[in-house]
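K.L.:
What follows is a structure written as structure tokens; I'll ask about it next.
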């Protein structure tokens, strides 16, 4: 019997921009031959954490958290403005591909109400994890024709009945390494905690507006969210230990998957002024690609719990559970590769974030 999962009711949608206008805007180039085939418009890194604070039975805590997030996230984005930027096509057809521009268009912040208690919801997660947790994160696929209008980063704060809340993140896979390599989440949490537990704790955040969220008839229950978050692959972090020639393709062979392979490889590029800037190269390898299936590298792999596995958003309350997955992997394997640049030795220790499709 199929588990019945209620829909989250969206109480409000805001945009969060960096608190300072971004100076010296560096673009991130995206090199991809077939953007639709690679699924770059739908693929996401999703993280959701659930909290239960003792004594919070009024259900107001989540609205407070969302109010502080509006302020803390804006400060954090000032240090990493690319996350609040937009994807756009290259100016000329000869250039091909896309680029991410840190134009301060903003992150989307959604406040939602789930019509069940947190313990009841966690029971739903045990029975149907994909469908239940899809109600705690929000993602709308990037528009394939006009990508410049689509946010690349969403945050959803979900309020549960009788107390408890969750904070869910959905970030485009093209920017996922910025979350994981730059300690953005850690810095954001530090700012959030500083604001929420400062000496002015009696002062409510500017964007704390619970009185406007009491009329459930006005909730945006039909606010469209993409089905991409339902497809999920649990990420595993691997490290190439010994082989200096180890490549993402070799990793694929060792995981013995028959699915098509989508490689998201971080690479260096050069701006108009000759400055070095990071980019992303997206490759599609069919499952029968001989370069992959015949790999005999011989290098060792080490599974590690570093990086994406332990990226918790600990906002000070009691953390109930954390979940992390890569969305829309049903047609292949996604590799987010934060490759190290430098000598051969550093490259051999590069980490590979792997998400395998479900059988």
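K.L.:
Is it true that some residue in region 162-174 is at negative phi, under 9 Å from the mean Cα position of the chain (by Cα), crowded, with 23+ Cβ neighbours inside 10 Å and outside any strand (DSSP E or B)?
P.N.:
Yes, the conditions are met somewhere in region 162-174.
K.L.:
Can I ask one more? Here are some residues: 132, 116. Which one is farther than 22 Å from residue 14 by Cα and in contact with a helix residue (DSSP H, G or I) (Cβ under 6 Å, 6 or more places away or on another chain)? Even if it seems obvious, please write down each step before you answer.
P.N.:
Details: 116 fails: in contact with a helix residue (DSSP H, G or I) (Cβ under 6 Å, 6 or more places away or on another chain).
Just one listed residue meets the conditions, 132.
K.L.:
With respect to residue 117, determine if the residue is in contact with a strand residue (DSSP E or B) (Cβ under 9 Å, 6 or more places away or on another chain), surrounded by fewer than 19 Cβ atoms within 10 Å (Cβ to Cβ) and over 30 Å from residue 22 (Cβ atoms). Spell out the reasoning first.
P.N.:
Working: in contact with a strand residue (DSSP E or B) (Cβ under 9 Å, 6 or more places away or on another chain): yes; surrounded by fewer than 19 Cβ atoms within 10 Å (Cβ to Cβ): yes; over 30 Å from residue 22 (Cβ atoms): yes.
Here the answer is yes, as residue 117 does meet what is asked.
K.L.:
I need every pair where a residue in region 230-244 that is within 12 Å of residue 356 (Cα to Cα) has its Cβ under 7 Å from the Cβ of a residue that is modelled with pLDDT of 75 or more and part of a helix (DSSP H, G or I), sequence separation at least 6 or different chains.
P.N.:
Short answer, once both residue conditions are applied: 232/130.
K.L.:
Further question on the same structure: Can you find, within region 1-16, the residue that is surrounded by the fewest Cβ atoms within 10 Å (Cβ to Cβ) among those that are in contact with a helix residue (DSSP H, G or I) (Cβ under 6 Å, 6 or more places away or on another chain) and assigned to a loop (DSSP other than H, G, I, E, B)? Explain how you work it out, then say what you get.
P.N.:
Applying the first criterion (in contact with a helix residue (DSSP H, G or I) (Cβ under 6 Å, 6 or more places away or on another chain)) to region 1-16 yields 3, 5, 11, 16.
After this cut, where a residue has to be assigned to a loop (DSSP other than H, G, I, E, B) as well, the list is 3, 5.
Working: 3: 12, 5: 19.
The residue in question is 3.
K.L.:
Let me ask something else. Picking from 32, 65, which residue would you name as being touching a helix residue (DSSP H, G or I) at 6+ places or on another chain (Cβ under 9 Å), surrounded by 17 or more Cβ atoms within 10 Å (Cβ to Cβ), at pLDDT below 95 and under 30 Å from residue 260 (Cβ atoms)? Please lay out each step first, then the result.
P.N.:
Numbers: 65 fails: under 30 Å from residue 260 (Cβ atoms).
The unique qualifying residue is 32.
The values are calculated or read from the model by the stated rules, or taken from the named source; none is laboratory data. Being a predicted model, the structure only gives us computed values, none of them experimental. Note that we place each Cβ from the backbone using ideal geometry, even for glycine, and neighbour counts take in every protein chain shown.
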